[in-house]
Amino acid sequence: MTRSRKTVVIGILTTLLTITASTSIAEEPTADAADKKSWTSPHFSPKVGNLYFLGGAGFFDLDDLNSSLDANGYSELKTPALSLGLGLDVSIGRLILGSEWQWMKNIGSDAERDSLRADIKSKYWLARIGVDVVKWRGLRVYPLFGIGMGTTSVFIAREEGASFREVLDTPSREVRMSQKGLLLDASLGVDYRFKMRETEYKSSFFTVGVRGGYLFSPYSRNWETATAEITGGPDILTTGPTVQLLIGISGERKHWHTRCNCK
């Protein structure tokens, strides 16, 4: 066989091998594409977004405030406080990252002195981190830790009728003093998710649960009115146990859906 014929034969064989290899690869892209479409991280899936409402009660330590009220002739304030809140978090695997806003108003007895009434309200914000320690079907048990800022306000008002002229003559019929500070929180939550809708890649749930925790304030600022700083006041920033019911909706992404741009 001449050199030119050998070259032609080698070229033909090389071309046939190339075509065969290309055909084999082209016959198997569906498996690879399926893997891409249904890829699930072993550590960061599923991903679940939660929006929820909270309602319950807080039992806070008012001893220091009541001592100050008693020294000035007022009766004692008594707990509990009504608590309402809104929260949003994301679960990535077992990790929970979220944020909450809470509002609380004392629903126990007001402090009284003649026609004067004193009451308290609180509001605070927390950034939260937690972990699902139990995940069984729709049941979840998880500890949460939070850090944030809070404001507690004391309202003192004169509850008696007056003419418009009398109010103009003595306008100081109501005062509000507020105290801000750092808040820490440790909680334990138990939720159950009822599945409402499911597809290959996503699911949606209705969630009910209960939370119990403890708020603690390691640092607080001086009291303030709208125009001035007030010194010598007690530290009463929201501190004590809380119990709340939770109602919310959740959405779960089970897989990452990717498109295969095969040519």
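SER250 falls short on exactly one of the conditions (1) of a type outside the set (A, V, I, L, M, F, W, C); (2) modelled with pLDDT under 80; (3) surrounded by 14 or more Cβ atoms within 10 Å (Cβ to Cβ), and that condition is (2).
Kindly indicate the residue of the range 188-210 that is of a type in the set (Asp, Glu) and surrounded by fewer than 18 Cβ atoms within 10 Å (Cβ to Cβ) and also farthest from GLY56 (Cα to Cα) among those meeting that condition. Restricting to residues being of a type in the set (Asp, Glu) and surrounded by fewer than 18 Cβ atoms within 10 Å (Cβ to Cβ), the top hit is GLU200. Picking from residues in the range 107-126 that are surrounded by 13 or more Cβ atoms within 10 Å (Cβ to Cβ) and of a type in the set (Gly, Ala, Ser), the one that is modelled with the highest pLDDT is SER122.
Restricting the first member to the range 94-111 and to residues that are free of Cβ contacts under 8 Å to residues at least 24 places away in the same chain, and the second to residues that are part of a strand (DSSP E or B) and among the small types (Gly, Ala, Ser), the beta-carbon pairs closer than 8 Å and six or more apart or on different chains are TRP103/SER83; TRP103/GLY85; TRP103/SER122. Among the residues of the range 131-140, those that are at negative phi and either at pLDDT 95 or above or outside any strand (DSSP E or B) (or both) comprise ASP132, VAL133, GLY138. Contact annotation: no residue pair with Cβ atoms under 9 Å, 6 or more positions apart or on different chains, pairs a residue in the range 208-237 that is outside the structural domain of GLY130 (by TED's automatic domain parsing) with a partner that is outside any loop (DSSP other than H, G, I, E, B).
What are the residues in the range 52-103 that are part of a strand (DSSP E or B), of a type outside the set (A, V, I, L, M, F, W, C) and within 30 Å of GLU252 (Cβ to Cβ), if any? Within the range 52-103, TYR52, GLY55, GLY56, SER83, GLY85, GLY87, ASP89, SER91, GLY98, SER99, GLU100, GLN102 meet the criteria. If you go through the range 162-171 one residue at a time, do you hit one that is polar (S, T, N, Q), free of Cβ contacts under 8 Å to residues at least 40 places away in the same chain, assigned to a loop (DSSP other than H, G, I, E, B) and under 30 Å from ASP70 (Cα atoms)? Yes, there is a match, as at least one residue in the range 162-171 is polar (S, T, N, Q), free of Cβ contacts under 8 Å to residues at least 40 places away in the same chain, assigned to a loop (DSSP other than H, G, I, E, B) and under 30 Å from ASP70 (Cα atoms).
The values are calculated or read from the model by the stated rules, or taken from the named source; none is laboratory data. All of these numbers come straight from a predicted model, not from anything done at the bench. Note that each Cβ is placed from the backbone with ideal geometry, even for glycine, and that neighbours are counted across all protein chains shown.
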